[in-house]
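Undergrad: Attaching a single structure in C-alpha cells format; questions to follow.
The values are calculated or read from the model by the stated rules, or taken from the named source; none is laboratory data. On a predicted model such as this, the values are computed, not experimentally measured, just so you know. Cβ placement follows ideal geometry from the backbone for every residue including glycine, while neighbour counts extend to all protein chains displayed. Quick note on the areas: whole protein, heavy atoms, side chains included, nothing else; ligands and nucleic acids left out. Shrake-Rupley method; radii C 1.70, N 1.55, O 1.52, S 1.80 Å.
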Amino acid sequence: LEVAVTGEEYSETIPAEAVVASDPSAGSRIAPGETVGLVVSVGPERYDVPQITGLSRDDADAALADLTLVPGEVGEQFDEQVPQGQIISQDPAPGTEVRRGAEVSFVVSKGRQPIEVPNVIGAERGQAIEAIEQAGLAAQVGEAFSTEVDRGLVISQDPSDGTLFRGDAVSIVVSLGPETIEVPDVEGKDADDARAELEGAGLTVRSVVLLPAGPNAVLRQAPAEGLEVQVGSEVTIYVF
C-alpha cells in the first residue's frame, strides 16, 4: 500500500508525530497499490497567553479571541498610574501555555481615586496639616491677621469641599491673631500732628481738651507710647 500524510491534528493523548487516524481505517480492505492517508498528531493544542496589560478592555477581548481564549474574572480598581479603562494586571501571566478556550482574568483601571477634601476650618494649624496629608493631599499654608479667629487656627481653605486626586494641594490660611502695633510717642507734639500720626499708624484718636486756649499740644496720652495694641484701638490724647 502507498502511504501519504493527509492531515495534522491536535491531541491531548497521542504524542506529536504519532498517527491519530488513518483513511481508510484499520480493518478496511483495499487493493494493492492504493494509498492510506494518515492524520498525524501535533501534540496538545496550546496557546501562549498574550500580553494584555496596558490594553483597553475591547482590545484585550480581541487579543484573547484571536487565540481562542476567553475573558475570565474581570475586576476593577483605582490606579494612580494606569489610565481609566486600561488593563492593570492579568492572570495567567503573558507567555503561559494554556488550552483552547482557557480563561484569562484581568483587572481594569478605574483611573485615579477621588479623595474627599477634609474640612479643616477652625482646626489648629498642625492638626489641619496632618488631616490633609493623611488624606493623601498636600497642604499649602498661608497666614493672615484676624480679629475673629484665634492665633494658630485655620481661617479658610481652598477648596473647602469636593474631591481632589492624590498629591493635589489644599491651601489653608492660618490666623496670626489680631494685628498689633506699638503706640507712637506723641506727647509734647502739636495735637493735629499727633492725631495724623496716630491715625496713620492705624489707630483711632479721642481728643480731650484740658485748656481750650492753650498751645494745642499733647500733654499726655493713653495708652502710653511703646505699648502693643491692636490696630484700630483707640488712643486718647489730652490737649492743653
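Undergrad: Note down all Cβ pairs under 8 Å where the first residue falls in segment 100-118 and is in contact (Cβ under 8 Å) with a residue 60 or more places away in the chain, the second is small (Gly, Ala, Ser) and part of a strand (DSSP E or B), and they're at least six residues apart or on different chains.
TA: none
Undergrad: Do you know which residues across segment 35-63 are under 23 Å from ARG99 (Cβ atoms) and of a type in the set (Ser, Thr, Tyr)?
TA: If the condition is that a residue be under 23 Å from ARG99 (Cβ atoms) and of a type in the set (Ser, Thr, Tyr), then SER41, TYR47, THR53 are the ones that fit.
Undergrad: Considering (1) within 26 Å of the chain's Cα centre (by Cα); (2) at pLDDT below 95, say which one ALA139 fails and leave the rest.
TA: The number of the failed condition is (2).
Undergrad: Take the conditions in a strand (DSSP E or B), open to solvent by 50 Å² or more (accessible area, probe 1.4 Å) and in contact (Cβ under 8 Å) with a residue 24 or more places away in the chain and apply them to LEU211. Does it pass?
TA: Considered against the rule, which asks whether it is in a strand (DSSP E or B), open to solvent by 50 Å² or more (accessible area, probe 1.4 Å) and in contact (Cβ under 8 Å) with a residue 24 or more places away in the chain, LEU211 comes out as no.
Each row is one residue, and each column tells you yes or no for (1) in a loop (DSSP other than H, G, I, E, B); (2) open to solvent by 50 Å² or more (accessible area, probe 1.4 Å); (3) within 30 Å of VAL42 (Cβ to Cβ).
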position: GLY72; (1), (2), (3): no, no, yes
position: GLU76; (1), (2), (3): no, yes, no
position: PRO94; (1), (2), (3): yes, yes, yes
position: VAL104; (1), (2), (3): no, no, yes
position: VAL108; (1), (2), (3): no, no, no
position: GLN127; (1), (2), (3): no, yes, no
position: ALA131; (1), (2), (3): no, no, no
position: GLU143; (1), (2), (3): no, yes, no
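Undergrad: Sticking with this one: Just to be sure before I move on: is GLU34 over 26 Å from PHE165 (Cβ atoms), open to solvent by 60 Å² or more (accessible area, probe 1.4 Å) and in contact with a Leu (Cβ under 9 Å, 6 or more places away or on another chain) in the structure I sent?
TA: So GLU34 fits the description; yes.
Undergrad: Turning to a different aspect of this structure: Considering only segment 1-57, how many residues are among the basic types (Lys, Arg) and out of contact with any strand residue (DSSP E or B) (no Cβ under 9 Å at 6 or more places or on another chain)?
TA: 1
Undergrad: Say whether the condition of being open to solvent by 70 Å² or more (accessible area, probe 1.4 Å), within 29 Å of SER156 (Cβ to Cβ), touching a residue at least 24 places away in the same chain (Cβ under 8 Å) and of a type in the set (D, E, K, R) is met by at least one residue in segment 168-175.
TA: No, because not a single residue in segment 168-175 is open to solvent by 70 Å² or more (accessible area, probe 1.4 Å), within 29 Å of SER156 (Cβ to Cβ), touching a residue at least 24 places away in the same chain (Cβ under 8 Å) and of a type in the set (D, E, K, R).
Undergrad: Still on this model: Could you check segment 110-125 and list, in sequence order, the residues that are within 13 Å of the chain's Cα centre (by Cα) and open to solvent by less than 30 Å² (accessible area, probe 1.4 Å)?
TA: Within segment 110-125, GLY111, ILE115, VAL117 meet the criteria.
Undergrad: Tell me, which residue of segment 78-92 that is of a type outside the set (S, T, N, Q) and open to solvent by less than 60 Å² (accessible area, probe 1.4 Å) is nearest to ARG166 (Cα to Cα)? Lay out the reasoning, then the answer.
TA: Looking only at segment 78-92, we keep the residues that are of a type outside the set (S, T, N, Q), and these are 78-80, 82-83, 85, 87-88, 91-92.
Next, from what is left, pick out any that are open to solvent by less than 60 Å² (accessible area, probe 1.4 Å): 79, 82, 85, 87-88, 92.
Details: ASP79: 11, VAL82: 14, GLY85: 19, ILE87: 21, ILE88: 18, PRO92: 31 Å.
So, considering only residues that are of a type outside the set (S, T, N, Q) and open to solvent by less than 60 Å² (accessible area, probe 1.4 Å), the one nearest to ARG166 (Cα to Cα) is ASP79.
Undergrad: Go through (1) part of a strand (DSSP E or B); (2) more than 30 Å from PRO118 (Cβ to Cβ) one by one and return the number of the condition ASP192 breaks.
TA: (1)
Undergrad: Here is a check on your reading of the model: is SER175 in contact with a Leu (Cβ under 6 Å, 6 or more places away or on another chain) and either of a type outside the set (D, E, K, R) or on the phi < 0 side of the Ramachandran plot (or both)?
TA: So SER175 passes the test.
Undergrad: What number goes with the only condition from (1) closer than 10 Å to VAL117 by Cα; (2) open to solvent by less than 40 Å² (accessible area, probe 1.4 Å) that ASP158 does not pass?
TA: Looking at each condition in turn, ASP158 falls short on (2).
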